[in-house]
Amino acid sequence: MITYFCISKQKRVFLMKNKTRIIYVKPANSSFIRGDQQILEKQYEVKAFLMDQNINKLMYGWKLTLLFFYLLSTAFRKNVIFVAWFADYHSALMAFVARLIHKKSIIFIGGQEAVSYPELKKGVYRKKIRGICVKYALRNTTLIVANHKSLIYHENSYYNTETPHIDGIQHYVSNLNTPTEILYNGINTSMFKRDESYTKLDRLVLTVGTMSQEGDFYNKGFDLFIQVAERNKEIDFVLIGLNPRYLEWTEENYHVSRIQNLQIIPSFCPQEILNQKYNQAKVFVQASITEGMPNTLSEAMLLECIPVGSNVNGIPDAIGDTGIIVNKRSVDDLEKGILEALNLNSGKEARQRVLNLFSFNLREEKLLKITQELIGEPSKF
C-alpha cells in the first residue's frame, strides 16, 4: 500500500509538471470570455491575465508592459500556448512574444477585427496604429478562431443593395495565410427555459442591443424599429438598451414621447428582466447593419420568440427557417418582416434550432478539440 501511494504521488507530480499550461489573455471579464476560460480549465492549467482594456490609457499601457514580461517568463517552460480574445494591441504583443520564444498562439475574433464602418464608428481599422497592430496579430498568430464564417469574408448587401459592403479579415488584412477555425457561440441554455407563467402577447415586438455611442443606434436598427412602431399603433413595441445619454437626442430626432405604443427601457437590463420580456414577446427583431453571431438573438429564440433579422453575418444562420430574414435596410422592409412574423407560430422551432446549434456543450466539445489538435494531443471527441 505504501509503495502504491508513493508511485501514484510521483505520477501526479509528473503529470502536473507536464500538463499543458494556457496563458489566457482577457481584454475584459465578459461572461463569454469567462465561459471559454471555464471550458479550458477542464483540461488544462489556465493562467488568466486580465487587461481591463476599458481602464485609462496609462494603466492599460502598464498592463501591456506587465503582459510582455509575463509571457516572456514562459520561454523555458514546455507545453505552453497563448490564447487571447479579440485581435488588438494585447494580442499583437502576444503574437510577437509567441514567435520570439517559439510558442503557439490562438486569437478569438468576434467582429470588430472584421469590419470597418467609419460612419458608424465601427471597426478597429479606423485608427491607423490600432489597425496595424490587429493586422500584425492576425498574420502572426498560429490559429484564428471566428464565431462565424462571415468574419473571414462577407459581402453585406443589406446595408447597400447596389454595391455590397465588403467585410472580413481576408478583405482587410492583406497576405493573410493564418489557418482559421469556425466555432459558434455557446449559450448556457439552462438559463433560458420558457416560463409559462408569462403569456406570449400576440402583438408584442421586442428588440435589445447595447449602445455606447450614436453609431450603435443605427447599427442596431433602433431608428428603423422606432419608425415601424410609429406606423403601427395597434402593435406594442419594446426597445431595450438605448443609452440614457441619448434619450434627449432620440426625442429631438424621433419624437418618441408621441409614440404611445413604444416602450423604451434605457441602458441594459438585468438578465431576469430580459427573460421576462423574452417570455412575453412574440417577435424579436435583430436589425443590425453588422453583427457577428448575436447572443441576444439566440436568447430570445430560446424563449420562443419568432426572430426577424437582417441578412448580415451570422443572423440568417441563427434564424434558419424559423423566422423572417430582411434583405434590405429600410423601414418598409423591416415593417413587412415584422408583420409576417406576427402571423407565424414557429417559436418552439426557434428554440430547438438554438439548442441544436449553439449550446454551451457543443462549443466546449469543439474548443477542446481545436486546442488538442493544435497542441498535438489526442482528442477525446
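Values computed for the structure shown
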| read-out | value |
| --- | --- |
| Contacts under 9 angstrom Cβ, first residue in the range 165-194 being touching a residue at least 40 places away in the same chain (Cβ under 8 Å) and on the phi > 0 side of the Ramachandran plot, partner among the aromatic types (Phe, Trp, Tyr) and open to solvent by 60 Å² or more (accessible area, probe 1.4 Å), 6 or more apart | Gly168/Tyr153 |
| Top-ranked residue in the range 99-111 [being in contact (Cβ under 8 Å) with a residue 40 or more places away in the chain and not in a loop (DSSP other than H, G, I, E, B); ranked as most open to solvent (accessible area, probe 1.4 Å)] | Arg99 |
| Number of positions in the range 75-98 that are assigned to a loop (DSSP other than H, G, I, E, B), touching a residue at least 40 places away in the same chain (Cβ under 8 Å) and either within 22 Å of Leu138 (Cβ to Cβ) or aromatic (Phe, Trp, Tyr) (or both) | 3 |
| Selection from the range 103-148 of residues that are of a type in the set (Lys, Arg) and either touching a Gly at 6+ places or on another chain (Cβ under 9 Å) or within 22 Å of Gly314 (Cα to Cα) (or both) | Lys121, Lys122 |
| Flag for Leu362 being in a helix (DSSP H, G or I) and within 26 Å of Lys193 (Cα to Cα) | yes |
| Exclusive hit being basic (Lys, Arg), farther than 12 Å from Gly168 by Cβ and within 17 Å of the chain's Cα centre (by Cα), set Lys122, Lys135, Lys128 | Lys122 |
| Arg363, sole failed condition from (1) over 24 Å from Ser157 (Cβ atoms); (2) without any contact (Cβ under 8 Å) to a residue 60 or more places away in the chain; (3) in contact with a Leu (Cβ under 7 Å, 6 or more places away or on another chain) | (2) |
| Members of the range 74-95 found to be farther than 27 Å from Gly35 by Cβ and not aliphatic (A, V, I, L, M), listed by number | Phe76, Lys78 |
| Positions within the range 334-356 being open to solvent by 60 Å² or more (accessible area, probe 1.4 Å) and assigned to a helix (DSSP H, G or I), in sequence order | Lys336, Leu339, Glu340, Lys348, Glu349, Gln352, Arg353, Asn356 |
| Filter pass, Phe69 being assigned to a helix (DSSP H, G or I), modelled with pLDDT of 95 or more, farther than 17 Å from Asn140 by Cα and among the aromatic types (Phe, Trp, Tyr) | yes |
| Residue match in the range 210-227 (condition: among the aliphatic types (A, V, I, L, M), modelled with pLDDT under 95 and crowded, with 16+ Cβ neighbours inside 10 Å) | yes |
| Pick from the range 31-74, criterion of a type in the set (Phe, Trp, Tyr) and either touching a residue at least 60 places away in the same chain (Cβ under 8 Å) or open to solvent by 40 Å² or more (accessible area, probe 1.4 Å) (or both), ranking: nearest to Lys369 (Cα to Cα) | Tyr44 |
| In the range 308-333, the residues that are of a type in the set (S, T, N, Q) and part of a strand (DSSP E or B) | Ser310 |
| Residue list for the range 112-129, filter: surrounded by 17 or more Cβ atoms within 10 Å (Cβ to Cβ) and either of a type in the set (Gly, Ala, Ser) or part of a helix (DSSP H, G or I) (or both) | Gln112, Glu113, Ala114, Ser116, Leu120, Gly123, Val124, Tyr125 |
| Ile325 of a type in the set (A, V, I, L, M), within 30 Å of His102 (Cβ to Cβ) and open to solvent by 30 Å² or more (accessible area, probe 1.4 Å) | no |
| Residues of the range 264-307 satisfying the condition of being part of a helix (DSSP H, G or I), crowded, with 24+ Cβ neighbours inside 10 Å and of a type in the set (A, V, I, L, M) | Leu297, Ala300, Met301, Leu302 |
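The values are calculated or read from the model by the stated rules, or taken from the named source; none is laboratory data. What you are looking at is a predicted structure, and each value in this text was computed from that prediction instead of being measured. Please note: Cβ atoms are built from the backbone with ideal geometry, for glycine as well, and neighbour counts cover all protein chains shown. Areas reflect the complete protein model, heavy atoms only, side chains present, ligands, DNA and RNA absent. Shrake-Rupley method; radii C 1.70, N 1.55, O 1.52, S 1.80 Å.
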